[in-house]
Amino acid sequence: SVSDGLQGNAFSFGGYFSSKSGEFFFCGDGINNFFPEEVQMNQFIPPVVITDFKLFNSPVAIGENSPLKKSITETDEIHLKYDENFIYFGFAALNYTNTAKNQYRYSMIGLETDTVYLGTRRFADFVSLKPGKYTFWVTGSNNDGLWNEEGVSVDILVHPPWWRSWLAYVMYTLVTLLFIALYIRWRTYRLKKDKENLGAQVRERTRE
């Protein structure tokens, strides 16, 4: 295609020629010529990096009180609040030969079971992530479809709201046990009082 250096993507029927030296010529939106043996597969396996992270389509600043403590390219784990659940990742395969043909695929482990092929799209976003642990994994290929099989990943922990945290459940359990204990104590007290009242009535009637 044009991205490979052709002068156009349209060709004339029968407009081709092979010279004695082995050079090929094709007619279309101009003359395209090359030696077939010089057309080689790109064997470079590109490193893949995560280049961008956003919350609700807004860039996330690096800081102590931010989900990003350092650059996203150096981040292994991201902690999010339960309502910080609309996230975006940008990424790139570091192949600089005909970069328009680099391809990508990703998987959000813990959310999806299948690998998603993106073609040449360089971003992925996720909406309404539930509290839990996820791993975002992405990889890419060079312009000739040679893939980096290792890829790069980042762990994502979406924390539950305070009323669904383990401490909250401990408090719920303690409060429930307290109510049960109070009910048992109240019930025991009532039974004791009823027994005393019944004894008093029996004694009164016996005296009568």
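Let me have the relative contact order for region 103-208, percent, based on Cα pairs under 8 Å that are six or more residues apart.
Reported relative contact order: 20 percent.
Tell me the carbon and sulfur percent of the accessible area for region 104-208, rounded to whole percent, probe radius 1.4 Å.
Whole-percent figure for carbon plus sulfur exposure: 59.
Could you tell me the distance between the Cα centroids of region 93-122 and region 23-79, to the nearest Å?
9
Once the Cβ-Cβ distance between Leu177 and His79 is put in as r, and R0 is 30 Å, what FRET efficiency do you end up with, to the nearest 0.05?
About 0.40, to the nearest 0.05.
Taking one equal scatterer on every alpha-carbon of region 1-148, how large is log10 of I(q)/I(0) by Debye at q = 0.13, 0.16, 0.21 1/Å?
Calculated log10 I(q)/I(0) at the listed q: -0.71, -0.91, -1.29.
For region 26-98, how big is the tail of P(r) above 22 Å, as a whole percent of Cα pairs?
When all Cα pairs of region 26-98 are counted, 49 percent exceed 22 Å.
Less than 10 Å Cβ to Cβ from Val138, Lys/Arg counted +1 and Asp/Glu -1: what total charge do the surrounding residues give?
Net charge around Val138: +2.
Relative contact order, percent, of region 73-165 when contacts are C-alpha pairs under 8 Å separated by at least 6 residues? Please report the intermediate quantities before stating the final value.
Numbers: 184 pairs, mean separation 35.7, N = 93.
The normalised contact order for region 73-165 reaches 38 percent.
Write down, largest first, the equivalent ellipsoid semi-axes of region 76-208 in whole Å, where each equals the square root of 5 times an eigenvalue of the alpha-carbon gyration tensor.
69, 11, 10
Could you state the accessible area per residue of region 1-124 in Å², with a 1.4 Å probe and every protein chain left in place?
64
What whole-number value in cubic angstrom gives the convex hull volume per residue for the C-alpha atoms of region 107-163?
86
Just how many % of Cα pairs in region 152-208 lie over 12 Å apart, if you round to the nearest whole percent?
Here the long-distance tail beyond 12 Å is 78 percent of all Cα pairs in region 152-208.
Below 8 Å between Cα atoms, with a sequence gap of 6+, how large is the relative contact order for the chain in percent?
That works out to 17 percent.
Hey, can you find the accessible area per residue of region 151-208 for me, probe 1.4 Å, expressed in square angstrom?
Averaged over the residues of region 151-208, the accessible area is 89 Å².
Angle check, please: helix 166-207 long axis (alpha carbons) against the longest principal axis of the chain (alpha carbons), in degrees 0 to 90, nearest 10.
Roughly 20 degrees between the two axes.
Percentage of Cα-Cα pair distances in region 66-139 greater than 17 Å, rounded to whole percent? Let's see the in-between values first.
On the way: 1368 of 2701 pairs.
Summing the P(r) of region 66-139 above 17 Å gives 51 percent of all pairs.
So for Asp29, Asp52, what's the accessible-area order with a 1.4 Å probe, most first?
Asp29, Asp52
What is the total of Lys pairs in region 14-162 with C-alpha atoms under 27 Å apart, excluding same-chain pairs fewer than 8 positions apart?
Lysine pair count for region 14-162: 14.
The values are calculated or read from the model by the stated rules, or taken from the named source; none is laboratory data. From a predicted model like this one, the values you see are computed outputs, not experimental measurements. FYI the Cβ positions are ideal-geometry reconstructions off the backbone, even for glycines, and counts take in every protein chain you see. Accessible surface areas use protein heavy atoms only, side chains included; no ligands, DNA or RNA. Shrake-Rupley method; radii C 1.70, N 1.55, O 1.52, S 1.80 Å.
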